[in-house]
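Quick notes on the structure that follows.
Values quoted throughout were computed directly from the atomic coordinates according to the rules given, and no laboratory measurement underlies them. It should be emphasised that the depicted structure is a prediction, and the values quoted were computed from it without experimental measurement. Every residue, glycine as well, gets a Cβ built from its backbone with ideal geometry; the counts of neighbours run over all protein chains shown.
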Amino acid sequence: MDPKEFPFIIAHELGHTMLYRGNLPHDNKNGNDSFADRYALRFIFEYYQTYDKETLDYKGFITKYHIPDRVSKLAEHLFKMKAK
């Protein structure tokens, strides 16, 4: 586990908490991790849009915020949607 990914990991776990409202998930069969990944990505993206004054493309965002490779396509899509 890369310590630089801890903000994403914490946001990911917060996503599980938001989904289950305090109940622990039993498995990942229903896309629980996918939901948590999307939640974490949006959470960090909101931070970027609100507080970061640097203009980044999605690759710069992934690099700066240490977004895991597994959600890089989601980050690209999020940037494209926000550009419209």
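The string of couplings for the range 6-15 from the Karplus curve (6.51, -1.76, 1.60, θ = phi - 60°) is 3, x, 5, 4, 5, 5, 4, 5, 4, x Hz, one whole number per residue in order, with x for Gly and Pro.
Charge tally around Phe61: other residues with Cβ under 10 Å, Lys/Arg +1 each, Asp/Glu -1 each, net -2. Across the range 55-64, rounded Karplus estimates of 3J(HN,Hα) from the backbone phi angles (6.51 cos²θ - 1.76 cosθ + 1.60, θ = phi - 60°) give 8, 10, 8, 5, 5, x, 4, 4, 5, 5 Hz, Gly and Pro being marked x. Built from the Cα atoms of the range 3-83, the convex hull projects on average onto 5.8 nm², one quarter of its surface area. Per-residue 3J(HN,Hα) values for the range 33-38, derived from phi via the Karplus relation 6.51 cos²θ - 1.76 cosθ + 1.60 with θ = phi - 60°, read 5, 4, 4, 5, 5, 5 Hz in sequence order (x marks Gly and Pro).
For the range 3-83, the number of Lys pairs with C-alpha atoms closer than 15 Å, counting only pairs eight or more positions apart or on separate chains, is 6. Put in order of Cβ neighbour count within 10 Å, fewest first, the listed residues Ile10, Ile67 become Ile10, Ile67.
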